1. What translational diffusion coefficient, in µm²/s and rounded to a whole number, does the Stokes-Einstein relation yield for region 62-177 at 10 °C and a viscosity of 1.306 mPa s, taking the hydrodynamic radius as the Kirkwood radius over Cα pairs?
2. For region 4-125, what is the Kirkwood estimate of the hydrodynamic radius, computed as the reciprocal of the mean inverse distance between distinct Cα atoms, to one decimal in Å?
3. Report the relative contact order of region 4-125, percent, no decimals, based on alpha-carbon pairs under 8 angstrom and at least 6 residues apart.
4. Give me the one-decimal nm value for the distance between modelled label points at His172 and Arg222, 7 Å along each residue's Cα-to-Cβ direction.
5. Determine which lysines satisfy two conditions relative to Lys103: a Cα distance under 27 Å, and not lying fewer than 8 residues away in the same chain.
6. What whole-number distance in Å separates the alpha-carbon centres of region 54-92 and region 1-18?
7. At 222 nm, what value in deg cm²/dmol follows for the chain if DSSP H runs of at least 4 each add -39500 (n - 2.57) and the sum is divided by all its residues, to the nearest 500?
8. Between 0 and 90 degrees, rounded to the nearest ten: what's the tilt of helix 12-24 against the longest Cα principal axis of the chain?
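No lab work stands behind these numbers, since they all come straight from the coordinates. Model, not experiment: these values are computed from the prediction. Cβ coordinates were reconstructed from backbone atoms using ideal geometry, including for glycine residues, and neighbour counts include every protein chain displayed.
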Amino acid sequence: MGEHILIVEDEESIARVLQLELEFEGYSVDIAYTGTDGLIKFRESDWDLVLLDLMLPGMNGLDVLRRIRATRCGTPVILMTAKSDVEDKVTGLDLGANDYVTKPFEIDELLARIRSAIRTSQKKVEIPVKDEFLHEFADLSVQEQSREVKRNGKLIDLTPREYDLLLHLIRHPNQVLSREQLLDAVWGFDYYGDTNVVDVYIRYVRKKIDHPDEPSLIQTVRGVGYALKETSL
Ligand code: CA
């Protein structure tokens, strides 16, 4: 028996045509007409691929996808989207969809994508997992567990204090932090010196992370403090 495909699509005529085409190609097919029904069917059986419409009444395609991926299951999912769903398409891929087709699509194109997604999934199962210890801002990244700081992929060597300062900034991106806040967070309440030490360390960090010909990622907010922010063009 061929691979097992679940179609989640509320438009009956589209679902039926897809079913006929896929069965003709030798796949075994089941249809769910709502997101909820799709999830139930998904959990009840093993699937080689899910063909998921984005615009569904009630629980939409992205919700279904999120729940499928929350099960840490690597079953390939191909999204079916309307032309106007660009944003959803991107979100869908971020959520772990393997591919998408834009309606109206050519059945041959869809079949090719299905074959390719199934082939790829049989080789490896890859689920994007958000790394809660990784902070990214522009091309700057700070990994809390390894304490690795990178700019544009290049490792940057910071002292422990410089690292703590940058970590605090990148944990609060686009937020203005006063010298006092930074002092408290990085040096702690037991520090009795004046806030100039913050300015000094900001200078050290800038020198290490900034690209020489570009404005600093750490912006000075006059009279207030500092913010990790990209300059608006
Ligand atoms: Ca629909």
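1. Working: Rh = 17.1 Å.
For these conditions, the coefficient is 93 µm²/s.
2. Numbers: mean 1/r = 0.0712 Å⁻¹.
Roughly 14.0 Å, rounded to one decimal.
3. On the way: 189 pairs, mean separation 27.3, N = 122.
After rounding, I find 22 percent.
4. 2.2
5. Reachable lysines: Lys41, Lys83, Lys89.
6. 15
7. Numbers: 8 runs with 89 residues, N = 233.
Calculated from helices alone, the mean residue ellipticity at 222 nm is -11500 deg cm²/dmol.
8. 70
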